[in-house]
Amino acid sequence: MLAKDIMTKNVAVVTADTTIDEVSRIFVDKNISGLPVVNQYNKLIGIVSEGDLVYKQKPVRAPMFINLFDGLIPLDRNAFHEDMKRIAAYQVKDIMSAPAIYAYENTPISEIAEVIINKKINRIPIVNEIMEVVGIVSRHDIVRSMVMEADAAVDEIE
């Protein structure tokens with residue numbers, strides 16, 4: 001079986017300038033955990049995942065109070081909320097993994113599975129010969145392909 005046989009097609013993609021807020025909303029709305037990142041020519045340049053959001057984003061948190069001459073003085077809560085808005089405005093280019101690990105449509109599933117295991121990643125974008133994203137293969141897709149192969153083997157026996 002090849003990548004093109006099991007890949008998810010019509011993959012959502014983002015650009016390096018997409019905001020973290022937009023990416024987070026796509027993850028939630030589409031119930032996915034990673035997105036290929038493409039340039040202005042729709043060529044793969046990286047990948048952004050929930051892990052990137054959680055582990056790489058290092059927001060600067062404004063303290064709620066400052067200690068001044070042994071007294072606590074509350075800081076402006078509006079300033080704190082403005083800092084949080086700035087964090088949401090960070091862009092994909094600030095946290096994405098690049099270059100992306102990718103495969104071609106004719107790559108055997110066994111090779112993709114090996115890369116996913118060895119690199120400890122959850123998905124691999126599938127590209128055509130000019131590096132345009134044409135699909136994505138996730139760990140779930142690989143498990144699904146195993147079930148399909150097992151079902152096909154049972155059908156052959158019967």
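Here, each number is a calculation from the coordinates, and none is a lab measurement. Computed from a predicted model, the values in this text were never measured in an experiment. Cβ placement follows ideal geometry from the backbone for every residue including glycine, while neighbour counts extend to all protein chains displayed.
Around S33, under 11 Å between beta carbons, what's the net of Lys plus Arg minus Asp minus Glu among the other residues?
Local net charge: +1.
What's the exposure ranking of V154, V11, going from fewest to most Cβ atoms within 10 Å?
Numbers: V154 9, V11 17.
Fewest-to-most ranking of V154, V11: V154, V11.
For labels at S24 and N39 in the simple 7 Å Cα→Cβ model, what's the distance in nm?
3.0
By the scheme Lys and Arg +1, Asp and Glu -1, what is the net charge of all other residues having a beta-carbon under 12 Å from that of S145? Please list the in-between numbers first.
Details: positive: K4, R139, R144; negative: D5, D141, E149, D151.
Every neighbour counted, the sum reads -1.
Taking the Cα of T8, stepping 7 Å toward and past its beta carbon, and measuring to each backbone N in the range 117-158: which are under 17 Å?
Within reach of a label on T8, which here means backbone N under 17 Å from a point 7 Å along Cα→Cβ, the range 117-158 contributes 121-127, 133-146.
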